[in-house]
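Report on one structure; see the data block that follows.
The values are calculated or read from the model by the stated rules, or taken from the named source; none is laboratory data. Quick caveat, the model's predicted, so the values are computed rather than measured. Please note: Cβ atoms are built from the backbone with ideal geometry, for glycine as well, and neighbour counts cover all protein chains shown. Please note that ligands, DNA and RNA were not included when accessible areas were found on the heavy atoms of the full protein model with its side chains. Shrake-Rupley method; radii C 1.70, N 1.55, O 1.52, S 1.80 Å.
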Amino acid sequence: MKEGTKLVVSPSPHVKDAISVRGIMSAVIVALIPATVSGIYLFGLHALAVIIASILSAVGTEFVALKLMGRKFVMDGSAVLTGLLLALCLPPTVPLWMPIVGAAFGIAIGKCAFGGLGHNIFNPALVGRVFLALSWPALMTRWVTPFDAVSTATPLAKGFGSVPIFDLFVGNVAGCIGETSALAILIGGAFLIAMRYIDWRVPLFYIGTVGFLMLFLGQNSILDASDLDSLVEVGKESLFHMFAGGLFLGAFFMATDYVTTPMTKLGRIIFAVGAGILVVAIRTVGGYPEGVAFSILIMNGFTPLIDRVIKPRVYGTKRGFVGGG
Amino acid sequence: MLSGFKFRGGIHPDYFKLTAGSRVRRADLPKEVILPLRQHVGAVCESLIEEGERVKVGQKIADSESPVSSPIHATISGTVAEISVRSTPTGERVRSIRIESDGRDRWLKGKGIDPEKSSREEILAKIRENGIVGLGGAAFPTHVKLNPPEGKRVDTVIINGAECEPYITADHRLMVEESRRIVRGAKIIAKVLGAERVIFAVEDNKPDAVERLRKATSGDFEVLALKTKYPQGDERHLIKAVLNREVPPGGLPFDVGVVVQNVGTAKAICDAVCDGIPLVERVVTVTGDVRKPGNLLVRIGTLFSNLIEQCGGPVGAVRKVISGGPMMGIAQSEDVPVIKGTNCILVFSERRVVEEEEMPCIRCGRCVDVCPMGLMPFMIRALVEKGKFDACSEYDIMSCDECGCCAYVCPAKIPLVQIIKRGKMALASAKEVGR
């Protein structure tokens, strides 16, 4: 502290955790590698081309959009993640212009129009996906079998019993590029939970709600089960609904998106249970065989409300959870 | 023995307790000391001496008639060279007395009393007269803290040896080396307050301190080894962790029947009451990027630069000098003296001062998870930045301790504490205007 030494004066704390926005985004991208690799392995090089096109479009769109908004473009990894997630929830047969258009829409309208990173209400990848599904429904429902690419329908469209549960778990079924293998998603998801990047409550309550409700509301209901065999069938159908479609991908990688989901643990549980109920409602009485994308987007819409109502209990007060203010 | 309770949130930073095993050594007698006339919470003292006057160690040189204040004593013998306004480590500008040493260290010895045979009033007078304030950092006058308002019954005294801030080991060493005097101080505190229960609360990363205290208390008092977590040393969280009681917002530990005293304060009380020694020196950890980090017994008023030199000087180019720990300490812009509440001088060179780019909030919720007060820092930040200060109070902004957990974990590197402080100040000044 001699004369002339320049001392930095800054507010406390003077030490920070090593964690960074870029680090988190990179970790989520790394966690998606198993699902990405399994998608390319199952559906071939076209799947890889779709993934690359989607990522390039997402990053390029964010670059242009931020320039137009007069803001600095920062390579924070969030656009790469959006591009990758969108590609993973597209059918492997889509023409290459579709991921490009979808990613551009998701980033431009779903993210930048709200003010960019941290400000969007809806998950940009799902915004892109739903935009494509509503605009080109036929192209978004052309499914093929893994490896030999024969036209087929998804297990959810064919219904319970159409494929063995094991095939569903490892991903040897028709479906979107990155959603078919629950196993691959679980590996990445477990990594994120172990690193404490995502809250385990979200996948547990989301998938758990779907599995639980399907015990009652499937073709085989636990209420009608009379013997052990029929109970086993009920259990299998519940598992079928947990592993089929995009539920695992959505539960581990989209319902856990920080920006568009609640900030408190209880809020996240409410979000997850709500999304689970919506999936079951869409699958059992709705017009779509799936429902994960819509369930998450609808709950995204409720997130600001959940955050307003659900608050931690402030030390020294009795106020908690509900109300506040 | 564990309390079985815990407080909400908190963090586990790297502790870097570099000096945990270094015996307290006496710092060289300084050639001059600078003694601000306020080193405590409360009124500024009036100087009792003139420039040019000769003083002895322990001589009272400033005092105040205000009920919340604490007298200042000369900490070296010599001549009063100057009385002028200077900066203190808390960032204030306060009238300060500069004494130049005569190199002889002549003391004005006081007299102790037997606490067993003395009245509550006599003990409190001794504590006040000897300038004892809380040594954990806040420096609240101890005779005020030990004199609860009518009708507030204190059943439990917690002696705070948590020392949860990284780097600092001053209290740790004191517990290891002066456990008997700390326990004597605790007994005096309990007597003054009429409290039946005394609990020593230490974090479990200081097992040697726990052991020494257990020996020194010989079973008379409880010694708890609390699971290490920052900010356990904050008295509100300590009360929660030890007794599962919560101090109401805007309230004080009195309100839930508790008084918390730091271990250093307990030792200083023992010195003051039993031996009549005023608060003229304290243990300061000098650490971080210095060649020989250590725990020094320092005369109050010694300049930071002097102590850094005594610890071998800095390693590399100094970028930050912090008074206190890295979580809540204050970065200094100039050379300042050690005051009663200074527990640590932390030197950071280039490699530890990283300027990080601020990113947008990604709503990850980490700040909410770690806030020990149960606040939503991200929301308060958004409201402050929009200038909606009224809405901030709906989000209990005034309950913020400024412990820094939220800013520590924020992946977007948002200076949440600074923003919340700004909101608190704006709200406080708005209230002033409205009055």
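Structural remarks
- For segment B:252-265, a residue qualifies if it is out of contact with any strand residue (DSSP E or B) (no Cβ under 7 Å at 6 or more places or on another chain) and in a helix (DSSP H, G or I), and the qualifying residues are B:PHE254, B:ASP255, B:VAL256, B:THR265.
- The one condition in (1) open to solvent by 10 Å² or more (accessible area, probe 1.4 Å); (2) within 14 Å of another protein chain (Cβ to nearest Cβ) that B:PHE221 fails to fulfil: (2)
- Flag for B:ILE362 being within 7 Å of chain A (Cβ to nearest Cβ) and either crowded, with 22+ Cβ neighbours inside 10 Å or in contact with a Phe, Trp or Tyr (Cβ under 6 Å, 6 or more places away or on another chain) (or both): yes
- Cβ-Cβ under 9 Å pairs, at least 6 apart or on other chains, segment B:43-63 side closer than 23 Å to B:GLY103 by Cα, far side assigned to a strand (DSSP E or B) and among the polar types (S, T, N, Q): B:GLU51/B:THR79; B:GLY52/B:THR79; B:GLU53/B:THR79; B:ARG54/B:THR79; B:VAL55/B:THR79; B:ILE61/B:SER47; B:ALA62/B:SER47
- Scanning segment B:129-160 for residues that are outside any loop (DSSP other than H, G, I, E, B) and open to solvent by less than 50 Å² (accessible area, probe 1.4 Å) gives B:VAL133, B:PRO141, B:THR142, B:HIS143, B:VAL144, B:LYS145, B:THR156, B:VAL157, B:ILE158, B:ILE159, B:ASN160.
- Annotation: of all residues in segment B:397-412 being assigned to a loop (DSSP other than H, G, I, E, B) and open to solvent by less than 20 Å² (accessible area, probe 1.4 Å), the one that is nearest to B:GLU235 (Cα to Cα) is B:CYS403.
- Matching entry among B:ARG180, B:ARG120 (being open to solvent by 10 Å² or more (accessible area, probe 1.4 Å) and in contact (Cβ under 8 Å) with a residue 40 or more places away in the chain): B:ARG120
- Among the numbered conditions (1) within 14 Å of chain A (Cβ to nearest Cβ); (2) at pLDDT 95 or above, the only one that B:VAL210 does not meet is (1).
- Any hit, segment A:73-85, residues being surrounded by 17 or more Cβ atoms within 10 Å (Cβ to Cβ), over 15 Å from the mean Cα position of the chain (by Cα), assigned to a helix (DSSP H, G or I) and within 14 Å of chain B (Cβ to nearest Cβ): no
- In this structure, A:LEU42 does satisfy being of a type in the set (A, V, I, L, M), more than 20 Å from A:ARG129 (Cα to Cα), away from every other protein chain (no Cβ under 12 Å) and in contact (Cβ under 8 Å) with a residue 60 or more places away in the chain.
- The listed residue being under 22 Å from A:ALA251 (Cβ atoms) and open to solvent by 30 Å² or more (accessible area, probe 1.4 Å), out of A:LEU88, A:LEU139, A:LEU183: A:LEU183
Yes/no per residue for (1) open to solvent by 20 Å² or more (accessible area, probe 1.4 Å); (2) at pLDDT 95 or above; (3) not hydrophobic (A, V, I, L, M, F, W, C):
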position	(1), (2), (3)
A:ASN123	no, yes, yes
A:SER162	yes, no, yes
A:LEU168	no, no, no
A:GLY178	no, yes, yes
A:GLY189	no, yes, yes
A:ILE193	yes, yes, no
A:ARG196	yes, no, yes
A:PRO203	no, yes, yes
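- Test set (1) more than 9 Å from chain A (Cβ to nearest Cβ); (2) open to solvent by 40 Å² or more (accessible area, probe 1.4 Å) - B:ASP335 fails condition number: (1)
- Checked against the criterion of being assigned to a strand (DSSP E or B), under 21 Å from the mean Cα position of the chain (by Cα) and touching a residue at least 24 places away in the same chain (Cβ under 8 Å), the candidates B:ALA268, B:ALA225, B:ALA209, B:ALA272 yield just one match: B:ALA225.
- Any hit, segment A:260-276, residues being modelled with pLDDT under 95 and on the phi > 0 side of the Ramachandran plot: no
- Just one residue in the set B:GLU65, B:GLU82 is in a loop (DSSP other than H, G, I, E, B) and surrounded by fewer than 19 Cβ atoms within 10 Å (Cβ to Cβ); that residue is B:GLU65.
- Within segment A:1-22, if we keep just the residues that are within 27 Å of the chain's Cα centre (by Cα) and more than 7 Å from chain B (Cβ to nearest Cβ), the residue that is modelled with the lowest pLDDT turns out to be A:ALA18.
- Residue, farthest from the other protein chains (Cβ to nearest Cβ), within segment A:102-115, restricted to residues that are assigned to a loop (DSSP other than H, G, I, E, B) and more than 17 Å from the chain's Cα centre (by Cα): A:ILE109
- If you go through segment A:1-54 and keep only what is basic (Lys, Arg) and exposed (fewer than 15 other Cβ atoms within 10 Å of the Cβ), you end up with A:LYS2, A:LYS6.
- Some residue of segment B:305-323 being under 15 Å from the mean Cα position of the chain (by Cα), open to solvent by less than 10 Å² (accessible area, probe 1.4 Å) and within 14 Å of another protein chain (Cβ to nearest Cβ): yes
- Any hit, segment B:68-79, residues being surrounded by fewer than 18 Cβ atoms within 10 Å (Cβ to Cβ) and farther than 29 Å from B:ALA162 by Cβ: yes
- Matching residues, segment A:143-194, being of a type in the set (Ser, Thr, Tyr) and more than 20 Å from the chain's Cα centre (by Cα): A:THR145, A:SER151, A:THR152, A:SER162
- Test result for A:VAL202, out of contact with any Leu (no Cβ under 8 Å at 6 or more places or on another chain) and more than 23 Å from A:MET25 (Cα to Cα): no
- The helices (runs of 4 or more DSSP H) found entirely in segment A:116-181 that carry 1 or more residues being among the small types (Gly, Ala, Ser) are A:124-135, A:155-158.
- Yes/no for A:THR256 being in contact with a helix residue (DSSP H, G or I) (Cβ under 6 Å, 6 or more places away or on another chain) and not hydrophobic (A, V, I, L, M, F, W, C): yes
- The condition (being of a type in the set (A, V, I, L, M), within 19 Å of B:PRO278 (Cβ to Cβ) and assigned to a loop (DSSP other than H, G, I, E, B)) is satisfied by just one residue among B:ILE97, B:ILE113: B:ILE113.
- Restricting attention to segment B:384-396, the residues that are in a helix (DSSP H, G or I) and within 9 Å of another protein chain (Cβ to nearest Cβ) add up to 2.
- Among (1) within 14 Å of chain A (Cβ to nearest Cβ); (2) open to solvent by 10 Å² or more (accessible area, probe 1.4 Å); (3) within 19 Å of the chain's Cα centre (by Cα), the one test that B:PRO231 misses: (2)
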